[in-house]
Every structure is written in structure tokens, then in C-alpha cells.
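Report on the structure given below.
The values are calculated or read from the model by the stated rules, or taken from the named source; none is laboratory data. Quick caveat, the model's predicted, so the values are computed rather than measured. As a convention, Cβ positions derive from the backbone with ideal geometry for all residues, glycine included, and neighbour counts pool all protein chains shown.
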Amino acid sequence: MALKTKMKCPLCEGKAKLTKITTKLFNGLIVLNDEPVYECIKCGEKFATGKMVDASVKKAKEAFTFKRQIISTGGSLGITFPSDLSEYYGLNQGTRVSIIPKNKNTIEIITQKN
Ligand SMILES: [Zn+2]
């Protein structure tokens with residue numbers, strides 16, 4: 001993605017330069033390094049274009065995909081959760097969750113707060 005190196009600040013119309021920041025999402029569970037943003041030299045405002053935001057969202061989705069193999073537990077099938085994900089959602093053995101089929105390829109899991 002080719003980005004303009006200079007932009008006009010939407011707040012103060014000052015000059016903004018292209019820079020890179022580290023973005024943390026979900027309390028640091030996902031860290032995106034070298035995310036391009038524009039920083040205004042005059043007022044310090046940081047902003048991104050729609051295309052830049054779209055690219056970041058795509059990157060975040062890729063970073064936030066955990067691939068797991070279905071396991072067999074007795075007569076049922078199970079999925080294991082990565083420990084940082086379990087910790088983030090407060091999941092333990094015995095935690096009740098709701099499983100909601102969304103479509104042919106998507107299943108939603110809702111954690112229950114007791
Ligand atoms: Zn500005």
C-alpha cells in the first residue's frame with residue numbers, strides 16, 4: 001500500500017507526517033507493530049485514512065485468529081483454548097458458555113458472567 005508521506009491535519013490544517021506506532025488491542029492481547037498513522041506536527045493529532053484503518057483491521061483479524069484442531073472427549077468433540085485467550089475471557093474448567101450457530105461456517109461462543 002503506497003501512502004502519501006505528508007497530509008493536512010483535519011483538525012488544525014497543519015502539516016502531518018507519516019509515522020509508525022504500536023497499537024495494542026484487547027488489553028494487549030493483540031499487538032500490531034509499525035502501524036502507519038499521520039501525526040500533525042502542529043497539534044500532535046494522530047489520524048489514519050480509511051484505507052489505513054481497513055488495512056489495520058485486516059491485520060488485527062489475522063493476528064486474532066487461533067487455529068485449533070477439534071479433539072475428541074468421550075462421546076463429544078471439543079476445542080482447546082489458548083491460555084492467553086482463556087485468561088482474557090476468564091474461562092476455566094466448568095465455565096458455562098453458549099454456542100450459537102451463525103451460519104454454515106461460523107459458530108459464536110458467548111461467555112456467561114455469573
Ligand atoms: Zn493539527
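Here's the yes/no breakdown for (1) within 28 Å of residue 85 (Cβ to Cβ); (2) touching a residue at least 24 places away in the same chain (Cβ under 8 Å):
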| site | (1), (2) |
| --- | --- |
| 27 | yes, yes |
| 37 | yes, no |
| 41 | no, yes |
| 50 | no, no |
| 53 | yes, no |
| 59 | yes, yes |
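Listed residues 18, 11, 3, 77; which is away from the ligand (no atom under 16 Å from the Cβ) and surrounded by 11 or more Cβ atoms within 10 Å (Cβ to Cβ)? I'd like the intermediate steps shown before the answer.
On the way: 18 fails: away from the ligand (no atom under 16 Å from the Cβ); 11 fails: away from the ligand (no atom under 16 Å from the Cβ); 77 fails: surrounded by 11 or more Cβ atoms within 10 Å (Cβ to Cβ).
Exactly one residue qualifies, and that residue is 3.
Could you grab the pairs with beta carbons closer than 7 Å, sequence gap of 6+ or different chains, first residue in segment 2-15 and under 9 Å from residue 38 (Cα atoms), second one more than 8 Å from the ligand (Cβ to nearest atom) and of a type in the set (Phe, Trp, Tyr)? Filtered contacts from segment 2-15: 7/38.
Only residues that are in contact (Cβ under 8 Å) with a residue 60 or more places away in the chain and among the small types (Gly, Ala, Ser): list them for segment 61-96, please.
Going residue by residue through segment 61-96, those that are in contact (Cβ under 8 Å) with a residue 60 or more places away in the chain are 88.
Listed by number, the list is empty, since nothing qualifies.
Being under 24 Å from residue 28 (Cβ atoms), of a type in the set (S, T, N, Q) and more than 21 Å from the chain's Cα centre (by Cα), is that true of even one residue in segment 84-92? Spell out the reasoning first.
Filtering segment 84-92 down to residues under 24 Å from residue 28 (Cβ atoms) leaves 84-92.
If we keep only those that are of a type in the set (S, T, N, Q) too, we end up with 86, 92.
Keeping just the survivors that are more than 21 Å from the chain's Cα centre (by Cα) gives 92.
Yes; the residues of segment 84-92 include at least one that is under 24 Å from residue 28 (Cβ atoms), of a type in the set (S, T, N, Q) and more than 21 Å from the chain's Cα centre (by Cα).
Which ones in segment 32-50 are surrounded by 12 or more Cβ atoms within 10 Å (Cβ to Cβ) and away from the ligand (no atom under 16 Å from the Cβ)? Selection gives 32, 35, 36. The requirement of being touching a helix residue (DSSP H, G or I) at 6+ places or on another chain (Cβ under 9 Å) and either within 16 Å of the ligand (Cβ to nearest atom) or under 25 Å from residue 107 (Cα atoms) (or both) is fulfilled nowhere in segment 52-61; no residue meets it. The numbered conditions (1) of a type outside the set (A, V, I, L, M); (2) at pLDDT below 90; (3) more than 30 Å from residue 19 (Cβ to Cβ) are all true for residue 84 except (3). Taking the chain as the region of interest, the strands (runs of 3 or more DSSP E) fully inside it that hold 1 or more residues being basic (Lys, Arg) are 6-8, 15-25, 97-103.
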